[in-house]
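Trainee: The structure's right below; bear with me while I get my questions together.
Each reported figure results from applying straightforward, stated rules to the coordinates on display, with no laboratory input. Because the structure is a prediction, the values reported are computed rather than measured. Here Cβ is always computed from backbone atoms with ideal geometry, including for glycine, and neighbour counts include all displayed protein chains.
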Amino acid sequence: MPTTENLHEGRFLRLLRRGRWEYAERTNAGSAVIIVAVTPEDNVVFVEQYRIPIECPSIEMPAGLVGDLGEAESVETAALRELEEETGWRAERIEYLMAGPSSSGMSNEIIAFVRAHGLRRVGAGGGDATEDIRVHEVPRVEAARWLAQKQREGYSVDPKLYAGLWFIDFDPDGTPVRR
């Protein structure tokens, strides 16, 4: 196995080379989590925020880093924290679904998908002091059409949220979710 060379280290990222392959590594968190959340009114919870690397607003599912506050935490704990912080919704329970690479050719970051259960509104959301998040609650039956419209309007739509839409109704093995 070739040795790993550190090409650059920033505050939150490190650029590495192993053999001829260059890739990024997070230095401030162990992984990330995407939260699949549906309100009691059967609305899918999406968030919108401007993303500097792509220079446009992006539509995503609520998500965040695991352990980015400097403390060890589980995926489920991070999901509870991020869901409430970003959206103002609190979940009774978080169900772990699966984890995998966010972009296996560019980063070693692992992203877990979780499903939020028993949502209740406890605040407005919008993120922490460093974020400017807008919350969207879209009827589940209209979600795909709404996302297509947002793309036509010039928004970036995170492709991972289509996996999240699948996880509303199915487990990772394709088994339908009991309601």
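Trainee: If residue 58 satisfies every condition in (1) touching a Leu at 6+ places or on another chain (Cβ under 7 Å); (2) under 22 Å from residue 139 (Cβ atoms); (3) assigned to a strand (DSSP E or B) but one, which is the exception?
Mentor: If we test residue 58 against (1) touching a Leu at 6+ places or on another chain (Cβ under 7 Å); (2) under 22 Å from residue 139 (Cβ atoms); (3) assigned to a strand (DSSP E or B), just (1) comes out false.
Trainee: Restricted to region 70-93, and to residues that are of a type in the set (Asp, Glu), surrounded by fewer than 23 Cβ atoms within 10 Å (Cβ to Cβ) and farther than 12 Å from residue 116 by Cα, which residue is nearest to the chain's Cα centre (by Cα)?
Mentor: In this case the residue turns out to be 85.
One line per residue, one yes/no per condition, for (1) touching a residue at least 12 places away in the same chain (Cβ under 8 Å); (2) over 15 Å from the mean Cα position of the chain (by Cα):
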| residue | (1), (2) |
| --- | --- |
| 125 | yes, yes |
| 129 | no, yes |
| 133 | yes, no |
| 138 | yes, yes |
| 148 | no, yes |
| 153 | no, yes |
| 166 | no, no |
| 171 | yes, yes |
| 174 | no, yes |
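Trainee: Mind checking which pairs have a first residue in region 14-29 that is among the small types (Gly, Ala, Ser) and a second that is surrounded by 13 or more Cβ atoms within 10 Å (Cβ to Cβ) and not in a strand (DSSP E or B), Cβ under 6 Å, 6 or more apart or different chains?
Mentor: 29/67; 29/68
Trainee: Now, a different point. Kindly evaluate residue 72 against the criterion of being of a type in the set (Gly, Ala, Ser) and either without any contact (Cβ under 8 Å) to a residue 40 or more places away in the chain or part of a loop (DSSP other than H, G, I, E, B) (or both).
Mentor: Considered against the rule, which asks whether it is of a type in the set (Gly, Ala, Ser) and either without any contact (Cβ under 8 Å) to a residue 40 or more places away in the chain or part of a loop (DSSP other than H, G, I, E, B) (or both), residue 72 comes out as yes.
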